[in-house]
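Below is one structure; the comments refer to it alone.
The values are calculated or read from the model by the stated rules, or taken from the named source; none is laboratory data. All values derive from a computational prediction rather than experimental measurement. Virtual Cβ from ideal backbone geometry, glycine too; neighbours counted across all protein chains shown. Heads up: the accessible areas ignore ligands, DNA and RNA and are worked out on the full protein's heavy atoms, side chains in. Shrake-Rupley method; radii C 1.70, N 1.55, O 1.52, S 1.80 Å.
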Amino acid sequence: MNKKVLFLLLNLFFCCAFVSAQEAQKSDLQKRAEAVDPKKNIASARSLYIQAFNDYANKGQIRQGVECAVKATALYYKENFYKEAFDLLRRTDQVITSSKQSSSDKAASHYLVTKERMQMYIKLRKSESAKDQLNIMAAQANQSNDEDVKNDLLYNRAIYYYTFGQNAQGNAVFKEMADKLTSEKEYDKVDEVYQTLIANGRKSGNANMVAQSYSNYIIWKDSVTALKRADEIGALKQQIADNEAAISEKDSSLTTRQAIIIGLSILAAILAAALAFGGIVLMRYILLTRKQKKTIRLANESNALKAKFISNMSAQLTPTLKKLDSRIPEVKALQEFSDHVQTLSELENGENTEVELKDTQIPQFCESLMNQIRSKAKNSITLTVNTPNMRANINKEYVSHILLHLLSNAVEYTPAGGSVCLEFKKRGPHSYQFLVSDTGQGIPEDKHEDVFKPFREIRDLTTGDGLGLPICKLMAQKMKGELDIDPKYTKGTRFVLDLRE
């Protein structure tokens with residue numbers, strides 16, 4: 001496998017981020033073209049793609065047409081029909097120019113055509129012509145004002161440099177790519193890019209490429225590990241400091257206050273020491289071994305031990321906390337916080353554990369949940385249940401916990417005269433949704449993801465610890481489902497629990 005194939009694989013890996021999620025359904029012509037095996041009948045596949053391109057162009061669906069034209073071009077020069085390939089790309093550029101797309105959309109479409117033209121010159125080993133196309137792609141990427149297009153440009157620059165033996169420039173582009181994703185905290189994506197590069201370097205027998213890539217990967221991994229540890233410790237210290245301040249201001253009993261502060265300080269010291277020790281062991285192990293598989297295994301073990309350690313510490317503190325006067329708001333809040341931390345750790349630690357499903361009559365189940373929160377609702381809040389008369393296999397414990405938490409929050413934040421609704425919808429043969437809607441003031445869209453992340457902000461524990469929704473999110477994932485906020489709902493807030501049997 002040569003270098004060109006290696007980086008084409010990377011290009012394909014990121015292609016999914018470059019394709020728009022709002023594209024229309026594929027036409028019958030395109031589906032027919034994709035159904036043909038080019039190895040058996042390349043001429044038929046090419047002809048169908050060209051017909052699909054013409055059909056899309058007549059309908060004004062330029063982006064889909066460009067994709068079909070590019071695929072037909074690749075099938076032309078695969079058989080060394082370069083004149084026909086260049087002619088088709090020239091005609092595609094003309095269609096894009098005469099279309100009614102915005103200037104940025106036109107630039108993005110032209111970019112796809114120019115990229116295919118560059119790949120043809122690369123195959124023909126025409127370095128200068130390929131470089132000219134790369135410069136045109138840079139201008140089109142800037143005009144498109146699309147970060148996905150700009151990222152794709154970096155990948156194609158790497159392809160160009162490595163193809164023509166310019167390893168130093170290729171390494172520089174690849175580092176720029178990794179630094180950009182790292183600055184955006186896309187750590188998993190960078191990790192996968194490096195590992196894919198190393199794996200394909202091994203397959204191609206390029207020992208120098210493997211050595212360089214692995215060395216850069218280890219350096220990047222060490223720096224990111226240190227950043228993550230520093231963030232975790234800093235967040236924990238800030239949280240502890242805030243808790244201590246809140247306890248000092250509100251606790252009227254000196255003895256109780258001292259016991260809580262000492263307990264929290266011990267917990268903080270142990271957790272900080274464990275995190276620091278885990279980070280040191282992890283980095284030292286990486287530096288000593290330089291083996292990718294052992295590094296990944298150690299990181300997983302460290303996370304599991306951390307979760308188990310936090311759970312054990314919470315369990316050990318629970319008996320002591322229960323001896324304190326729970327009538328004091330701060331003490332009660334700390335007890336609930338300890339329970340939530342233990343629940344969160346148990347869910348994370350048992351991530352791969354299967355949950356038991358039970359056949360359940362949905363209307364009765366939903367009515368019983370709504371009845372449990374009626375006493376919390378204001379007199380003028382309307383509570384409704386909208387479910388079909390059907391049965392489904394669910395884990396009643398987790399689903400009840402999630403829905404009761406969502407309903408309790410809904411009645412708490414819905415003003416007088418508002419409404420709260422619990423719905424159930426069948427989405428497919430083995431999939432369905434529970435929906436909890438309210439007419440409160442809603443959650444800002446930029447906070448939709450943050451509300452499901454634990455320890456995102458320092459809180460007064462007497463007003464809640466912010467772990468309720470993260471716990472519900474983990475429970476949904478353990479059922480192989482998902483819990484999200486509906487961004488299209490504008491009358492308040494709607495949570496959607498997607499589940500599969």
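List of remarks:
- Unmet requirement for V36, which otherwise passes all of (1) within 37 Å of the chain's Cα centre (by Cα); (2) closer than 21 Å to K123 by Cα; (3) not hydroxyl-bearing (S, T, Y): (2)
- Pairs are defined by a Cβ separation below 6 Å, a sequence spacing of at least 6 or placement on different chains, a first member in region 398-412 that is in contact (Cβ under 8 Å) with a residue 12 or more places away in the chain, and a second member that is assigned to a helix (DSSP H, G or I) and open to solvent by 30 Å² or more (accessible area, probe 1.4 Å); the pairs so defined are V411/K376.
- Candidate set from region 23-46 (those that are within 27 Å of G60 (Cβ to Cβ) and outside any helix (DSSP H, G or I)); member that is most open to solvent (accessible area, probe 1.4 Å): Q25
- Of the residues making up region 138-194, those that are in contact (Cβ under 8 Å) with a residue 12 or more places away in the chain and among the basic types (K, R) are R157, K175, K180.
- Restricting G468, G440, G418 to those that are in contact with a His (Cβ under 9 Å, 6 or more places away or on another chain), crowded, with 17+ Cβ neighbours inside 10 Å and not β-branched (V, I, T) reduces the list to G468.
- Only one of the listed residues (N349, N371) is open to solvent by 30 Å² or more (accessible area, probe 1.4 Å) and at pLDDT 85 or above. That residue is N371.
- Count of residues meeting criterion [under 21 Å from S419 (Cβ atoms) and touching a strand residue (DSSP E or B) at 6+ places or on another chain (Cβ under 9 Å)] in region 468-501: 11
- Taken over region 213-224, residues that are open to solvent by less than 30 Å² (accessible area, probe 1.4 Å) and free of Cβ contacts under 8 Å to residues at least 60 places away in the same chain amount to 3.
- Within this structure, R297 passes the test of being modelled with pLDDT under 70, open to solvent by 20 Å² or more (accessible area, probe 1.4 Å) and among the basic types (K, R).
- Residue check, E397 modelled with pLDDT of 95 or more, out of contact with any helix residue (DSSP H, G or I) (no Cβ under 6 Å at 6 or more places or on another chain), within 24 Å of K480 (Cα to Cα) and among the acidic types (D, E): no
- Note on region 86-141: residues that are of a type in the set (S, T, N, Q), open to solvent by 80 Å² or more (accessible area, probe 1.4 Å) and over 24 Å from T163 (Cα atoms) total 3.
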